[in-house]
Amino acid sequence: MPGQGLIKGLGVTMRNFVRATHTVQYPDRRVGLLAAAKHAGKNPVSFIASNPREGIKAMLFMASIPERVEQATRFRGNEFTWFETRCTGCASCAKYCPLGIIKIVTHPGGIDVQEGESYAIDVFDIDTGRCMFCGLCVEACPYDALHMGSQFERGNYERNNLVIDVDELRSNLKQPSSWYRPQFEERKYNPFKDEQIEDHHDAGRHEQPSDEDLKRRWVDERK
Amino acid sequence: MTVKTEPISINLGPQHPSTHGVFRFRVTFDGEEIIDVEPIFGYLHRGSEKLAEERTYQQVVTLTDRMDYVSSMLSNQAYMLAVEKLCGIEPSPRGVWLRMIAGELQRIASHLVAVGFLLQDLGSWGTPLTYVMRERESILSMFEMLCGARITNSYLRPGGVFMDAPDEFWPTLHSFLEELPHRIDELENYLTGNEIIFARTKGVAVLPPDVAVNASITGPMLRASGVDWDLRHRDPYDFYDQVEFERPLHTAGDNFARYWVRMEEMRECIKIIRQCAQKIEPGPVRPSHDEVPFLVRPPAGDAYGAIEGSKGELGFYLVSDGGISPYRCHVRAPSLINLTLLREMLIGTLMGDLFVSFGSIDLNMGEVDR
C-alpha cells in the first residue's frame, strides 16, 4: 500500500513526542512551588511565609532553580588544582605541554614537603585561553602537585583574565578531577559532591614511592 | 517555438548551511541537471602534519583528535598503531580490548551522525537528527567517563590506554547495548521504508564497483558498491581476528545503499562490543614507564599503521630519524580520497540531489584539509 511508510514514520514521531525529555535546561529551569521549596530545603508553607515574593513567583511557575548535567569524575575542567607545598618547580608540566603555554619561573630556596630543599615558585602562568585541556601536564607531574579541575564556568570578557597566575592557583577551588589520578577513584572521591581537599596529604600519590626507595634517596645516597 | 538556453555556473559555499563544513563547489547546471562540478577545498587547513613534526610522539595524539572530530577515538587508534609499529611496542591486552570497545562506540557515533545528516539533507528537517544526536550523547557521556572529554578524547597512549575504565562504565555500557538495537529499529521504522526516501535515493549517484576500486575508495562507500573490503577482516589489527562479525554489503552503489550499509554496520558494532566486553580480562592497561617512557625515541625508520575508520581506511605514515618527534607524519585521510569521485558521481544528477549525494560520502572537512 503506498503511503504505508509515511504512516509508520508518523507513529515513531508520536511515540517520541510522549517520551521523557532528554535535554537539560542549563543553567537553570523554571519550576513550580513544590520543587522550589524542595530546593530551598523547606516545606511549601514555610517557603511562602519566609519569602512571599519568591513564593508567589513559584506558584506562577516562574521561580528558577539551577540545573546542570551530571559530569563524570574524570571531567577535565578548566581551573587547575595545585598544591604549592608539593610543587618542586621541576617544570615537567611546562615541558610536556604540547602548546607550551605554561610558564614557570623559580628561585632556589624553597622547601618541598616530599623532597626537602627545592625551588620556590615566582611565576606559574597557565594560559587557559590557548589551553586545549589534554591533561598531559597533569600526567607528567611526578609529585601529583598539579591536578585538572572539575569546573567549566570561567567565561571572561578579556583574554588577559584567562591566564591563571600563581595567586589564582593558590586560591583556586581544591576539587580536583580524577583524570590520571587513580587514588581518587580508589577512595571514590567525587569532586561534585564531596568537600574540597584542603590538605595535600589527602590528595595521595598515584605512584607512592616505597620505603626502600625513600631510604635509598634520603639516607644512602646522601652519605 | 524554441527557447534559447545556456549552462549556468553557481558557486556554493564555503559558508553554506548544508555543505558539511567549509567546502566549496562550483557547479554548472543545464536547467536542473548538473553537467560539471568543481570541488574546491582547503579552507580548514591547519597544518596538522607539519605541526606533528615538532611535537613528541605522545603530544601528537592531541592533534589526531582534531583531524576527524566526529570520530576522534578512531584517529587516536590509527596513530597509535603506527607509533607501536615504529617503536616495536608490545601493547597490553586489556588496553587493546578497551580501545577496541572505544573505537567501535565511536564508529556507531560517527555512523549515527552520517545517517542523521543524510536524512536531514533529504528534507526531513531536524527530527531524525535530534534522535541520532540523543543516542550519540549517551556514547559521548561514556567517553567522558573513560577519558574526561566528549570530543577531543586523547584517550590512547602508545601501548594501550591512559587509564582503566571506571567501575560505573561497565553497567552503563551494557544498558546502552541493550537499548541501542531498539533505537536503531526505531530509526529504520521511521524512514527506511519511507516512499519519499526511496524515490529520492534509489538509483541516484551510482558508483560502479570497478570505478570505486580504481579510485581507491574505502569504507562503507566501497561496501555499498558490493566490494567486500574491510581492514578489520582483511588485515586484522589489534584483536579483530578474535571477534566474529558480518560485513554488510549492498550491490546497488547508490545513495540508498550507502545509507543502508551504515545502518547495518551499527548492528555489527554492537556485536563486536559485546564480544570485547566478554573477552576482556583484568591486567595493566599500558606498559610500565620503564618499557614505554613518556618521551619515546624510536629507531630511525618508517612505519604505516592503518585501521578501518568510520569513513574508510585511515592510515598514519610516520618517518623517524631517531629523534623525539616524527621526521614526517603523513595521514591517509579516507574523507579526502572518497571525495575524489565526487565529480563522476554528481554529473547527470539533479540539483536537489547534490547535497544528498555529497552527504552520503560522509566526509569530514577537518580530515580532508587537516
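Report the residue, chosen from A:Ser46, A:Ser171, A:Ser150, that carries the largest GNM mean-square fluctuation when chain A is represented by alpha-carbon nodes joined by springs under 10 Å. With Cα springs under 10 Å in chain A, the top fluctuation among A:Ser46, A:Ser171, A:Ser150 is at A:Ser46. Taking chain B as the reference, fit the longest principal axis to its C-alpha atoms, fit the long axis of helix B:72-87 to the helix C-alpha atoms, and give the angle between the two in degrees, 0 to 90, nearest 10. That helix lies at roughly 50 degrees to the long axis.
Listed values for the range A:99-115 are Karplus-derived 3J(HN,Hα) couplings in whole Hz (6.51 cos²θ - 1.76 cosθ + 1.60, θ = phi - 60°), namely 9, x, 9, 9, 10, 10, 10, 10, 9, x, x, x, 10, 10, 5, 9, 10, and x replaces Gly and Pro.
Less than 5 angstrom separates the built amide H of B:Arg328 from those of B:Val319, all sequence-distant by 5 or more or on a different chain. Between 0 and 90 degrees, the angle of helix B:93-121 with respect to the longest Cα principal axis of chain B falls at about 20 degrees. Amide H contacts of B:Arg157 (H built 1.01 Å from N, in plane; Pro and chain starts excluded): B:Phe162 sit under 5 Å, all sequence-distant by 5 or more or on other chains. Ranked by the mean number of other Cβ atoms within 10 Å per residue, highest first, peptides A:176-189, B:343-356 order as A:176-189, B:343-356. Taking every Cα-Cα distance in the protein assembly as shown and sorting them into 20 Å bins starting at zero, the pair-distance distribution P(r) comes out as 18, 47, 29, 6, 0, 0 percent.
Find out how many positive minus negative residues lie around A:Pro44, taking Lys and Arg as positive, Asp and Glu as negative, among other residues whose Cβ is under 12 Å from that of A:Pro44. Charge balance in the 12 Å sphere: +1.
Listed cross-link partners A:Lys103/B:Lys85; A:Lys57/A:Lys174; A:Lys38/A:Lys188; A:Lys95/B:Lys279; A:Lys215/B:Lys85; A:Lys95/A:Lys188 are compared with a 29 Å cut-off, the Cα-Cα value being larger for A:Lys103/B:Lys85; A:Lys57/A:Lys174; A:Lys95/B:Lys279; A:Lys215/B:Lys85; A:Lys95/A:Lys188. Shown in residue order for the range B:313-322 are the 3J(HN,Hα) couplings computed by the Karplus curve 6.51 cos²θ - 1.76 cosθ + 1.60 at θ = phi - 60°: 6, 10, x, 10, 10, 10, 10, 10, 10, x Hz (x for Gly and Pro). Sparsely packed loop sites in the range A:1-70 (the chymotrypsin sites (Phe, Trp or Tyr not before Pro) outside DSSP H, G, I, E and B with at most 16 other Cβ atoms within 10 Å) comprise A:Phe61. Across all Cα pairs in the range A:24-69, the calculated P(r) in 10 Å bins from zero up to the longest distance comes to 33, 52, 14, 0 percent per bin. With Rh defined as the Kirkwood radius, the inverse of the mean 1/r over Cα pairs, the Rg/Rh of the range B:266-317 is 1.09. Taking a Cβ cut-off of under 12 Å around B:Ser325, the surrounding Lys, Arg, Asp and Glu residues balance to a net charge of +1, with basic ones at +1 and acidic ones at -1.
Between A:His39 and A:Leu6, the distance separating the two model label sites (each 7 Å from Cα on the Cα→Cβ line) works out to 4.4 nm. Residue by residue along B:144-154, Cβ atoms of other protein chains within 10 Å of the local Cβ number 6 on average. With contributions of -39500 (n - 2.57) from each DSSP H run of at least four residues, the per-residue ellipticity at 222 nm computed over the protein assembly as shown stands at -11000 deg cm²/dmol. Taking amide H as placed 1.01 Å from N in the peptide plane, A:Arg29 has its amide H under 5 Å from the amide H of A:Ile65, A:Glu67, each at least 5 places away in sequence or on another chain.
Can you tell me the orientation of helix B:255-279 relative to chain B, as the angle in degrees between its alpha-carbon axis and the longest Cα principal axis, to the nearest 10? With both axes taken from Cα atoms, the answer is about 20 degrees.
Karplus-derived 3J(HN,Hα) values for the range A:160-168, using 6.51 cos²θ - 1.76 cosθ + 1.60 with θ = phi - 60°, are 4, 6, 7, 6, 8, 9, 5, 5, 5 Hz; glycine and proline are entered as x.
Readers should treat all values here as calculations from the given coordinates under stated rules, not as data from a laboratory. Remember, predicted model here, so these are calculated numbers, not experimental data. Because the Cβ atoms are built from the backbone with ideal geometry, glycine has one as well, and the counts that use them run over all protein chains shown.
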